[in-house]
1. Within the set of other residues whose C-beta is less than 15 Å from the C-beta of I152, count the net charge using Lys and Arg as +1 and Asp and Glu as -1.
2. Of K66/K105; K34/K161; K34/K132; K132/K161; K66/K103; K105/K132, which sit over 22 Å apart, Cα to Cα?
3. Taking the Cα centre of the stretch 1-78 as origin, work out the dipole magnitude from +1 charges on Lys and Arg Cβ and -1 charges on Asp and Glu Cβ, in debye rounded to 20.
4. At a 1.4 Å probe, what is the % contribution of carbon and sulfur to the accessible area of the stretch 1-109?
Amino acid sequence: LNDALSDLQILLRRLVGEKVEIDVRHGRDLWFVKADINQFEQVLVNLVVNARDAMPDGGKIMLATKNITAAEAAHVTEPGFVPADYVVVEVQDTGSGIPPEVKEKMFEPFFTTKEVGKGTGLGLSTVYGIVKQTGGFVYVESEPGNGTTFSIFLPRHVVEKQAVADVPVTPDAPPLAAAKTKA
């Protein structure tokens with residue numbers, strides 16, 4: 001996930017222009033997640049473009065990644081949230097914030113606050129759909145005048161180890177050593 005974010009940074013910097021600063025903070029030793037990388041890049045692009053639009057005079061966008069354990073996730077009080085191990089991606093801006101009446105509808109298809117011809121309103125509904133496809137959650141914290149933070153929770157994907165019986169044994173390696181190298 002961090003590699004994808006690093007690759008995407010160049011595009012994001014071009015999208016936001018010179019007035020907006022992008023600060024990327026990579027978490028260490030992120031767990032695996034099961035997500036389509038192209039779709040997830042679209043999620044980040046949509047969120048960053050919305051953040052840019054909320055800061056017409058410039059500002060700062062911070063992207064951060066981190067692991068949170070099921071114990072830490074148990075403290076999340078969002079509706080419908082299921083505590084588990086997650087990789088969290090946060091997109092935070094110093095923009096104008098989101099009014100409560102917009103926050104209620106912002107993930108609906110075709111809902112937009114933009115003028116006619118300035119956008120389709122599909123950005124946040126696309127974000128919501130892609131995150132839900134991964135089994136994850138997306139939540140927003142925002143207050144008018146104080147910026148916005150989108151938190152995306154992607155479930156940790158544990159790679160199943162092959163059974164020892166499935167591991168080919170080479171003539172020069174004992175069976176146990178071959179099993180250890182395959183895992």
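The values are calculated or read from the model by the stated rules, or taken from the named source; none is laboratory data. All values derive from a computational prediction rather than experimental measurement. With ideal geometry, Cβ positions are generated from the backbone for all residues, glycine too; neighbour counts draw on all protein chains shown. Heavy atoms of the whole protein, side chains included, go into the accessibility calculation; ligands, DNA and RNA do not. Shrake-Rupley method; radii C 1.70, N 1.55, O 1.52, S 1.80 Å.
1. With Lys, Arg at +1 and Asp, Glu at -1, the neighbours total -2.
2. Flagged as over cut-off: K66/K105; K132/K161; K66/K103.
3. Here the size comes out at about 100 debye.
4. 50
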